[in-house]
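The structure under discussion appears below in the form of structure tokens.
Nothing in this text is a laboratory measurement; each read-out follows from the coordinates by a stated rule. Computed from a predicted model, the values in this text were never measured in an experiment. Here the Cβ positions follow ideal geometry from the backbone for every residue, glycine too, while neighbour counts run over all protein chains shown.
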Amino acid sequence: MSDRKVNLVKNTALFALGNLGSKLLQIILVPYYTRAMTEAEFGTADVLQAVVALLLPLLSLTIYEAVFRYAMESDYDKNSVLSVGVAISVIGTVVLCFAGAVITLVYPIEFMWLVILNSVANAFRSLYSQYTRAVGKTALFTLDNVLITVYVLVFNILFISVFDLGITGYMFGYTLANIISSLFLIVNLKGLARVKLSLIKSATVNQMLRFSIPLIPNSICWWLSSFASRLMIAFYISESANGLFAAAYKIPSLLSVIVTIFFQAWQISANEEFKKADAPKFYTEIYNQIFALIVTVSSALIILCRPVTTLFLGKDYQTAWVYMPTLLIAMTFFSFAQFLGSIYSANKKTGMAFVTNLLGVVVNLTLSLLLIKPFGVIGCAAATAVSYFVLWVSRVFDTHKIIPIKHSIFKTVISVLLLITQCVLISFEFPFAYPISAICLLAIVLIFIKTFGELLTFGLSIVKKVLRKGA
């Protein structure tokens with residue numbers, strides 16, 4: 001049994017323990033939001049969160065990514081890495097608040113300070129969360145993920161339902177949750193004691209900024225791919241339509257839950273295994289297994305889109321299911337691209353992550369502008385799917401120069417075509433759409449039956465090993 005695969009499974013299990021409940025609770029909150037807020041309010045709140053996601057890399061210079069990468073390195077002092085991260089985040093906070101004050105004097109914008117406060121709280125929470133994960137405090141990391149979801153739940157119910165603050169309550173709840181989470185991590189890590197100006201070395205600053213700065217345009221490109229469609233829908237159609245689109249993203253979030261938990265563990269393994277001689281073999285094995293799992297889960301979720309929507313969302317959001325199959329395919333392609341993106345981080349070559357993301361953004365923006373008027377919201381969903389496909393394929397070719405992963409072209413093409421077939425049949429309500437989709441799911445399982453057999457054998461071997469230790 002491969003020790004590194006066992007370590008990957010252990011890390012995945014630990015992250016799942018802390019994340020699964022919290023991620024699922026976030027999804028479970030959706031029925032509450034869609035009943036407590038109007039379509040327009042939910043759409044506006046979604047746009048505000050999109051602005052927060054844009055400001056985060058700008059104010060922090062994505063230094064939290066460098067903190068994660070360099071805190072894992074034995075050649076760097078961990079307290080020095082954290083000190084650099086905090087210093088840059090503080091400077092970014094001062095600059096952002098100054099800019100906000102100037103804008104307020106010239107032209108006050110509704111919700112602006114809530115967005116700024118949320119962005120700052122997010123920056124410090126991301127910083128300490130990534131540091132916690134990098135130094136191996138997995139239990140603390142997972143506990144914090146559970147607690148922050150509880151904070152969001154309590155504050156949102158309090159501010160939206162009890163105090164009837166609507167959008168303000170929604171934003172304020174997330175801001176307070178991030179602040180409390182940051183304080184929780186700082187106290188448990190003795191984070192303030194670790195941060196000292198004397199530990200900030202110019203060489204460390206230069207290395208970390210050389211890693212993180214190329215990730216700023218990369219993050220902006222990711223933001224454009226993720227949120228530009230929503231802004232276009234709000235502008236060209238309506239806030240209500242964007243509310244439906246935002247709600248439609250929640251079922252693909254079920255797939256995102258699985259992917260996010262795995263990639264939190266995979267990032268650690270990818271960084272540790274990158275320099276080993278057999279890294280291409282290990283990367284290929286893990287990629288093929290995660291590919292099979294994601295495609296199969298996506299296929300099953302496409303079938304469940306409409307019935308889940310009926311149970312899950314409020315009556316005003318029932319038509320959102322139409323967009324879900326396309327968004328699920330988009331999330332599938334993005335997951336593959338995200339796996340390949342870990343190669344850039346492990347190699348400390350973040351520039352090409354930006355180039356490939358930029359290509360995806362250009363495709364997304366171009367197609368969204370072309371398709372939104374004739375096809376409406378479904379046009380934007382299709383543009384997102386195509387752009388993530390381009391992102392994935394571009395990274396397949398580019399990362400091959402760094403880690404030559406072996407892809408099964410036949411299995412890849414057939415499984416993707418089966419997913420697209422399901423999407424078209426169900427979205428446009430063709431006759432016998434569900435029986436045919438079920439056949440597509442069965443075909444996908446049969447295509448990857450050998451891979452699932454390997455995973456089952458490996459899983460059973462771990463169970464036997466655990467049972468022997470317990471005996």
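Just to be sure I understand the curve: with the Debye formula and one point per C-alpha of the range 273-383, what is log10 I(q)/I(0) at q = 0.12, 0.16, 0.20 Å⁻¹?
Normalising to I(0) and taking log10 leaves -0.61, -0.91, -1.11.
Roughly what percent of Cα-Cα pairs across the range 376-425 reach past 12 Å?
In whole percent, the long-distance tail amounts to 73.
Could you tell me whether the range 86-127 comes out rounded, prolate or oblate from its Cα gyration tensor? Rule is a ≥ b ≥ c as square roots of the eigenvalues, rounded for a/c under 1.5, then prolate if a/b exceeds b/c, otherwise oblate.
Since a/c reaches 1.5 but b/c is at least a/b, the shape of the range 86-127 is classed as oblate.
Tell me, what ³J(HN,Hα) does each residue in the range 370-387 have, in order and in whole Hz, if you take phi through Karplus 6.51 cos²θ - 1.76 cosθ + 1.60 with θ = phi - 60° and put x for Gly and Pro?
For the range 370-387, the Karplus curve yields 6, 9, 5, 6, x, 10, x, 4, 5, x, 5, 4, 5, 4, 5, 4, 5, 5 Hz.
Can you give the extra length, in nm with one decimal, that the chain gains between Ile409 and Thr38 once fully stretched, where that is 0.36 nm per residue apart less the Cα-Cα distance?
Fully extending the segment from Ile409 to Thr38 adds 129.0 nm.
Convert 37 °C to kelvin, take the viscosity as 0.692 mPa s, use the Kirkwood radius over C-alpha pairs of the range 165-247 as Rh, and evaluate the Stokes-Einstein diffusion coefficient in µm²/s, rounded to a whole number. Don't skip to the answer; put the middle values down first.
On the way: Rh = 16.9 Å.
The calculation lands on 194 µm²/s.
Applying the Karplus parametrisation 6.51 cos²θ - 1.76 cosθ + 1.60 with θ = phi - 60° to the phi angles of the range 138-155, what ³J(HN,Hα) value in whole Hz is obtained for each residue in order, glycine and proline being reported as x?
Those phi angles translate into 5, 4, 5, 4, 5, 4, 4, 5, 5, 5, 5, 5, 5, 4, 4, 4, 5, 5 Hz.
What is the distance in Å between the Cα centroid of the range 422-445 and that of the range 147-188?
With the range 422-445 and the range 147-188 each reduced to a Cα centre, they are spaced 41 Å.
From the backbone phi of the range 129-134, what are the Karplus-calculated ³J(HN,Hα) couplings (6.51 cos²θ - 1.76 cosθ + 1.60, θ = phi - 60°) in whole Hz, Gly and Pro given as x?
In residue order, the calculated couplings are 5, 5, 5, 4, 5, 5 Hz.
Once you put a point 7 Å from the Cα of Thr457 and another 7 Å from the Cα of Ile103, both along the Cβ direction, what distance in nm separates them?
Taking the two extended label points, one gets 5.7 nm.
Report Rg (one decimal) and Dmax (nearest whole number) for the range 20-137, counting Cα atoms only, units Å.
In order Rg, Dmax, the Cα atoms of the range 20-137 give 17.2, 53 Å.
Cα-based Rg of the range 71-195 per 2.2 N^0.38 Å, rounded to two decimals?
Output field value: 1.19.
Roughly speaking, what is the stretch gain from Thr310 to Asp164, that is 0.36 nm per residue apart minus the C-alpha to C-alpha distance, in nm to one decimal?
Extending this stretch completely gives an extra 49.9 nm.
For labels at Val424 and Lys190 in the simple 7 Å Cα→Cβ model, what's the distance in nm?
Between Val424 and Lys190, the simple spin-label model gives 6.3 nm.
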